[in-house]
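The values are calculated or read from the model by the stated rules, or taken from the named source; none is laboratory data. Because the structure is predicted, anything quoted here is derived from the model rather than measured. Cβ atoms come from the backbone with ideal geometry, glycine included; neighbour counts cover every protein chain shown. For the accessible areas, the whole protein counts, side chains as well, though only heavy atoms, and no ligand, DNA or RNA atoms are used. Shrake-Rupley method; radii C 1.70, N 1.55, O 1.52, S 1.80 Å.
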Amino acid sequence: MPALFVIQGRNRGARYDLADVEGAVSIGREAGNAIRLEDNEVSRRHAEVRRVGDLFVVGDLKSSNGTFVNDRKIERAELVSGDRIRVGRTVFAYARDADAEQAIRLVDIVPPTSEIDGSRIVRSMRDDDSIAMAAPEEGQGRWLARARSNVQVMYRTALAVSHTLDIDELLGRILQLVSEWVEADRGCIMLVDPETRDLRIKARRDRTAADPGSMAISRTILDYVMERREGVLTSDAQEDDRFASGGSVVRTGVREAICVPMQGRYDVVGVIYVDTITPLAEVVGGGHRRFTDEHLKLMIAIGHQAALAVEDTTYYSAMVQSERLAAVGQTIAALSHHIKNILQGLRGGSYLVEMGLENEDHAVLQKGWDIVRRNQHKIQSLVMDMLSFSKDREPEFVETDLAGLVADVVETVQQRADEAGVTIRREVPEDFPRVMLDPEAVSRAVLNVVTNAVDAAEERPDGVVTIRAAVDAAATLVRITVADNGPGMSAETLAEIFNLFVSTKGSRGTGLGLTVSRKILREHGGDIHAESIEGEGSTFTLELPLRLPGDAAAPGSDVVR
């Protein structure tokens, strides 16, 4: 299916399917985009990919740094499989599905037990012999034209390899290039199954695609190519002593065929096979040969390049899978450790509650209930952070009293601050304007930061947390700053605090809070920044685009006011 692959940038490895797209897919760093990029050089709404009939067209949305297709700046361009789209520092590759699977199933490998044999190998060649193409003393012009054609085919093959991450589409594209260049009637690419070591058909191409029919390939030739790791050019194998023991070549009924190994770094990963189905009787006396030694040389080089691409994609897929499993393991370990601590707190509080009920001791009962209530709040916060982090959420912009929102956050953490001996100062102007934002999400982002500040200031005898809110009209931003006089952080710790599962609280923290806060702010088109000095405290600045009620611009647009 058609898709975009990120081949360069912080989102490298991501794949975005376009098969079900009806209108346009927007690209940018704001949360409202279908493809959201972590790239500071990308505009909030940078570009879009739109379906036009069976084609896809990329268009620039008046971005600051422009949109480029194959390193050419464009306003609008039709995409072809293999095209590179660059926005900021991110590069996409566009890939489109090529060959039908129905034709692949019609390939039949003939066993070496056939009684008829009518083609022979006229040349065999190794990979290290295939590239050398010396110019003859005569016919320099003709040789130069062939050399240019060969270089062009190799260049187009290299382009397909570098721009396509999908193996099936890559092999289909390579087979198309080879078939067009050698004017083959039929062709296929087979890969070795890593478990059974059998050859499996992965791509098939016929010059007459309307009715491809069954395609028979000599097992004798395949075995020779796989065992010797040599490319072969076959024609009438009755006169070739190397195939005296096998009789399956003739049954295929082909006049000429080329079969080359796909030699990778360590092993043969498959073969490329092309042939003509012209009867030998039609060209008797004419001395015509459609396949030449140069075709064999270039196909060996292409086979080697295709094999390297197959190996690289296989290793990359294994690496991605390994990273996913490692991430899952890290997530389970981190959450299990924190949940275990919460359960221990609940168990201890429940024990005190039971003791207080049994002895009718209200003091013990109240103490136990306070422990249960605190741990219940921890569970709720953990679950909400997990939901916020795991699910992409489109902000629901409503008119909001930001001053009241900050007051609600302070009221929520006030009891925790009183227990820790921390003073909370709220400095928000009384005439602060009402703004458009998602109050539930922003409240959670602010609450996470304020809770962290209270925990940090708890380590001071005179702990203070100061919350300020201000409007920067010039930058069209709303800034909420949360400052504490806690122990501060080192530069190394500061650089890591927004990473998942990184916490400065030890076993008390999950490492989700700041990650979730940043995600919420970026979904709004804003961001969060931190400054800290060891021994003096930390300051977190939450920035949101200034959206006032009645603004003409849509919440997801670049220009808000």
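What is the gain in length, in nm to one decimal, between Glu227 and Met384 on full extension, counting 0.36 nm per residue of separation less the C-alpha to C-alpha distance? If you can, show how the numbers build up before the last one.
Values: separation 157, 0.36 × 157 = 56.52 nm, distance 5.94 nm.
Gain on stretching Glu227 to Met384: 50.6 nm.
When the solvent-accessible area of the range 402-464 is split by element, carbon and sulfur atoms take up 44 percent of it, the probe being 1.4 Å.
For an R0 of 41 angstrom, estimate the FRET efficiency from the Cβ-Cβ distance between Asn359 and Thr423 and round to the nearest 0.05. After rounding to 0.05, the efficiency reads 0.65.
Prolate is the label for the range 340-498. Its Cα gyration tensor axes, ordered a ≥ b ≥ c, give a/c of at least 1.5 and a/b above b/c. In this structure, the amide hydrogen of Val465, modeled 1.01 Å from its nitrogen in the peptide plane, lies closer than 5 angstrom to those of Thr423, Ile424, Arg425, counting only residues at least 5 positions away or on a different chain. Here's how it looks for Phe56: its modeled amide H is under 5 Å from those of Leu79, which are all 5 or more places away or on a different chain. Amide hydrogen proximity for Asp83: with H placed 1.01 Å from N in the peptide plane, the residues at 5 or more positions away or on another chain lying under 5 Å are Tyr94.
Counting other C-beta atoms within 10 Å, and keeping those with at most 12, which DSSP coil GluC sites (Glu not before Pro) do you find in the range 398-480? Mind dumping the intermediate values first?
Numbers: sites: Glu399, Glu411, Glu419, Glu427, Glu430, Glu440, Glu458, Glu459; in loops: Glu430, Glu458, Glu459.
When the GluC sites (Glu not before Pro) of the range 398-480 are filtered for loop state and at most 12 Cβ neighbours within 10 Å, Glu430 remain.
The stretch between Asn70 and Ala473, if pulled fully straight at 0.36 nm per residue, gains 141.2 nm over its current Cα-Cα span. Here the Karplus relation 6.51 cos²θ - 1.76 cosθ + 1.60, evaluated at θ = phi - 60°, turns the backbone of the range 446-454 into coupling constants of 5, 4, 4, 5, 5, 4, 4, 5, 5 Hz, with x for every Gly and Pro. 3J(HN,Hα) along the range 51-64, derived from phi through the Karplus expression 6.51 cos²θ - 1.76 cosθ + 1.60 where θ = phi - 60°, amounts to 7, 10, x, 8, 10, 10, 10, 9, x, 7, 9, 6, 6, 5 Hz, with x in place of Gly and Pro.
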